[in-house]
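Colleague: Structure incoming, see below.
The values are calculated or read from the model by the stated rules, or taken from the named source; none is laboratory data. No experiment lies behind these values; they were computed from the predicted model shown. Cβ placement follows ideal geometry from the backbone for every residue including glycine, while neighbour counts extend to all protein chains displayed. The area values use the complete protein model at the heavy-atom level, side chains included, leaving out ligands, DNA and RNA. Shrake-Rupley method; radii C 1.70, N 1.55, O 1.52, S 1.80 Å.
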Amino acid sequence: MDIKKYPYLDALKGLAILAVVLVHSSQYAVPTNELLNRIMKKGMLGVQLFFIVSAIAICMSWYSKMASERFPKLNFYLKRVFRIAPLFYLAIVIFLILNGLKPRYSAPMGVNRWDIFLTATFLHGFNPLTINSLVPGGWSIANEAFFYLLVPFLLSEVRSPVFAILMFFSSLWILKMSEPFIMGLFNYPVNQQYLVRDFCYLNFLAQFPVFLIGIITFCFLKNGIRKVRFYWIGGFIFIITVFRSYLPFGSPLFMPQWVVDAIAISIFVMFLSLHQVVIFVNFVTVKLGRQSYGIYLFHFAIIYLFQKIGLTQYLTGSNFGSLVHFILLVAVSFSVASFIHVLIEEPGIKLGNWFIQRVTLKLKSLGYE
């Protein structure tokens, strides 16, 4: 596969952030129509789409740099740090200012210095009390960071789609075994048990199969998709996943719902790689995709602002108002993310490239090859 910028991958990130903002918007400006409410809640699958696209992009980057870089593993880690840390640290500061240390749904005992330390070091994903306590939606960043940590080891082992599929089923078994262990390990009071139940979905082991689906998808994209076979098999899997609730045996292979949904999303990704349909791949979705990280981190702050000025209260309880709230939230979040991208994200990436060059020269001068 020729490794380059693919507009459809940016567009997929744009669709993912639209879905994520949609579900969060609907939680504050609630529509009255039950069908519309259910559709908006399906936006939660945007996170799985993010994970799959992230895995594909990371695989592309990894294999393109392996032959050309002298220290690919070190460079990979440094690039990831300078890519995600600056905006995430800004988000930590912003939400400390907005929410302080007071108790909240994801932190019923409030936020302390230990929570801040774990979040700043991307280790907050290992505890129900910290995984989402400081930065709303920070659980997915914790999972991304841990996936990045594993990437060099995973991709050095993945030689074919078959091996990746075997790894995927192994991850399902580990997930199944981990659930009772997690429930027993975190023996919280009854009024805090919801944190453990949420953690069973939010933690890395629960989402690891989704990342592996992304790697499997990359393997198929890399090796080429036979269109006729793809349409038959992909169409069958897509129908099974979409209509799984009507099947007598439930989710295929007893997979968690979000994993089954991720398989359907993977089929959609492969379809879009073959046919970049304009309704999905266009100027708007590509632009949103390129600012998706900033939108994801800061749209919660925009929701807070909308509440403070009374906009949310005015628009909730109406189908039209709920949609207006969503559109305004996307527009303002995109504007803020674009500004922060120029102010912080781009300089952070440039600083990372400069730092990598300095480290590479230093290691070479010390005789490391």
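Colleague: Kindly indicate which of 111, 53, 93 is in contact with a Ser or Thr (Cβ under 6 Å, 6 or more places away or on another chain) and closer than 24 Å to residue 333 by Cβ.
Modeller: Exactly one of 111, 53, 93 is in contact with a Ser or Thr (Cβ under 6 Å, 6 or more places away or on another chain) and closer than 24 Å to residue 333 by Cβ, namely 111.
Colleague: What number goes with the only condition from (1) farther than 30 Å from residue 324 by Cβ; (2) at pLDDT 90 or above; (3) in a helix (DSSP H, G or I) that residue 64 does not pass?
Modeller: Result: residue 64 passes all but (2).
Colleague: Return only the number of the condition from (1) within 26 Å of residue 261 (Cβ to Cβ); (2) part of a helix (DSSP H, G or I); (3) in contact (Cβ under 8 Å) with a residue 40 or more places away in the chain that residue 73 does not satisfy.
Modeller: All conditions are met except number (1).
Colleague: Can you work out which of the residues in region 208-228 that are in contact with a Leu (Cβ under 9 Å, 6 or more places away or on another chain) and part of a helix (DSSP H, G or I) is nearest to residue 133 (Cα to Cα)?
Modeller: Result: 208.
Colleague: Here's a follow-up. Identify all residues within region 95-134 that are in a helix (DSSP H, G or I), open to solvent by less than 50 Å² (accessible area, probe 1.4 Å) and not hydrophobic (A, V, I, L, M, F, W, C); write none if there are none.
Modeller: Answer for region 95-134, where residues must be in a helix (DSSP H, G or I), open to solvent by less than 50 Å² (accessible area, probe 1.4 Å) and not hydrophobic (A, V, I, L, M, F, W, C): 99, 115, 119, 124, 125.
Colleague: Another question about this same structure. Suppose we filter region 8-56 for residues that are in contact (Cβ under 8 Å) with a residue 40 or more places away in the chain, of a type outside the set (Asp, Glu) and touching a Gly at 6+ places or on another chain (Cβ under 9 Å); how many remain?
Modeller: The number of residues fulfilling the criteria is 26.
Colleague: A follow-up question, please. Got a sec? Which of 361, 311, 329 is more than 28 Å from residue 213 (Cβ to Cβ) and open to solvent by 70 Å² or more (accessible area, probe 1.4 Å)?
Modeller: 361
Colleague: Contact list please: Cβ distance under 9 Å, first residue in region 153-175 and without any contact (Cβ under 8 Å) to a residue 60 or more places away in the chain, second residue small (Gly, Ala, Ser) and not in a helix (DSSP H, G or I), pairs at least six apart or on different chains.
Modeller: Listed by first residue and then by second, the contacts come to nothing, as the list is empty.
Colleague: Residues 38, 83: which one is under 21 Å from residue 293 (Cα atoms), part of a helix (DSSP H, G or I) and modelled with pLDDT under 95?
Modeller: 83
Colleague: Something else: Pairs, please: C-beta under 6 Å, at least 6 apart or cross-chain, first residue free of Cβ contacts under 8 Å to residues at least 40 places away in the same chain and in region 332-346, second assigned to a helix (DSSP H, G or I) and open to solvent by less than 50 Å² (accessible area, probe 1.4 Å)?
Modeller: 332/302
Colleague: Among the residues of region 229-285 satisfying the criterion of being at pLDDT 55 or above and among the charged types (D, E, K, R), which is least open to solvent (accessible area, probe 1.4 Å)?
Modeller: This residue is 261.
Colleague: Can you tell me which residue in region 157-207 is most open to solvent (accessible area, probe 1.4 Å), limited to those that are of a type in the set (S, T, N, Q), within 30 Å of residue 218 (Cβ to Cβ) and more than 19 Å from the chain's Cα centre (by Cα)?
Modeller: 170
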